[in-house]
1. Please tell me if ARG174 is at pLDDT 95 or above, under 26 Å from HIS23 (Cα atoms), surrounded by 13 or more Cβ atoms within 10 Å (Cβ to Cβ) and not acidic (Asp, Glu).
2. What pairs come up if the first residue lies in the range 2-17 and is within 12 Å of GLN58 (Cα to Cα), the second is exposed (fewer than 15 other Cβ atoms within 10 Å of the Cβ), and their beta carbons are under 9 Å apart, counting only those six or more places apart or on different chains?
3. Can you tell me which condition ALA141 does not meet? The list is (1) at pLDDT 95 or above; (2) under 23 Å from ASP13 (Cβ atoms); (3) of a type outside the set (D, E, K, R), and all the others hold.
4. Considering only residues that are surrounded by fewer than 16 Cβ atoms within 10 Å (Cβ to Cβ) and not in a loop (DSSP other than H, G, I, E, B), which ones fall in the range 110-137?
5. Read through the list (1) within 6 Å of the ligand (Cβ to nearest atom); (2) in contact (Cβ under 8 Å) with a residue 12 or more places away in the chain, then give the number of the only condition that GLY148 fails.
6. What are the residues in the range 4-59 that are exposed (fewer than 12 other Cβ atoms within 10 Å of the Cβ), at pLDDT 90 or above and part of a loop (DSSP other than H, G, I, E, B), if any?
Amino acid sequence: MRTVSLILATENDMKGVATWIGHPEILRWLGDTFKVTTPSRDRSELDGQRRGHVRTVQLVVRDQDRAQPPVAYACAAVYGTPAPGTVVGATQPEDAEYTAPFHASVMYAVRRDCWEDRIGTALVPALLEHAELAEVAVFLAGIDSENGGSRKVAEAAGFVAEPDAPATGHRMYRFTR
Ligand SMILES: CC(C)(COP(=O)(O)OP(=O)(O)OC[C@H]1O[C@@H](n2cnc3c(N)ncnc32)[C@H](O)[C@@H]1OP(=O)(O)O)[C@@H](O)C(=O)NCCC(=O)NCCS
């Protein structure tokens, strides 16, 4: 089985990712989740409870040829439970406090010329196991029902479609530790 080394992205790595992430066959599937590539202090909901944005973790798998951009990118926006006295508004002040349990909204992409080489299959478990996300209890991924590749890699890693997910269109998948 293939494994990948998923590491925290540097500014230079992100410049490399930016050279390919806009490929139409990639962008087609990223939809709303693409906004997590530009971290913002927004909010999220889990099981009807409002959560505040804690941080965004951006990770890459580097190409063996360092002259080439990273072969894969994964991003996790981490959200936490508001500490007593913290109000979750549309945007969060820098000093807003959030505690466990944490959840993360994730997205991932493989460089177009590297598809179908098992990188995606290795990437998702590496994301779930990454030390930077050790405190995250629940991972969410929004996947279009027609996105066969993403469904396969997510399901292989243990994600399951939410029970109320529609049969077609955008569906939410969940992985619980
Ligand atoms: C989804 C994605 C990450 C898969 O990466 P990958 O490295 O090509 O995936 P793998 O090579 O590990 O393939 C895993 C399985 O999916 C299948 N697959 C890959 N691409 C596929 C596609 N476009 N359509 C249908 N099946 C596909 C493979 O055949 C393989 O099937 P198997 O396990 O039955 O043998 C990649 O296609 C991608 O970056 N897509 C665009 C971005 C995206 O959709 N991100 C997810 C949004 S959260």
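The values are calculated or read from the model by the stated rules, or taken from the named source; none is laboratory data. None of the values given here were measured: they were computed from a predicted structure. Neighbour counts are summed over all protein chains in view; Cβ atoms, including those assigned to glycine, are modelled from backbone coordinates with ideal geometry.
1. Working: at pLDDT 95 or above: yes; under 26 Å from HIS23 (Cα atoms): no; surrounded by 13 or more Cβ atoms within 10 Å (Cβ to Cβ): yes; not acidic (Asp, Glu): yes.
So ARG174 does not fit the description; no.
2. Partner pairs satisfying both residue conditions: LEU6/GLU129.
3. (1)
4. ARG112, ASP113, ALA131, ALA137
5. All conditions are met except number (2).
6. Once the filter is applied, which keeps residues that are exposed (fewer than 12 other Cβ atoms within 10 Å of the Cβ), at pLDDT 90 or above and part of a loop (DSSP other than H, G, I, E, B), the range 4-59 yields only SER5.
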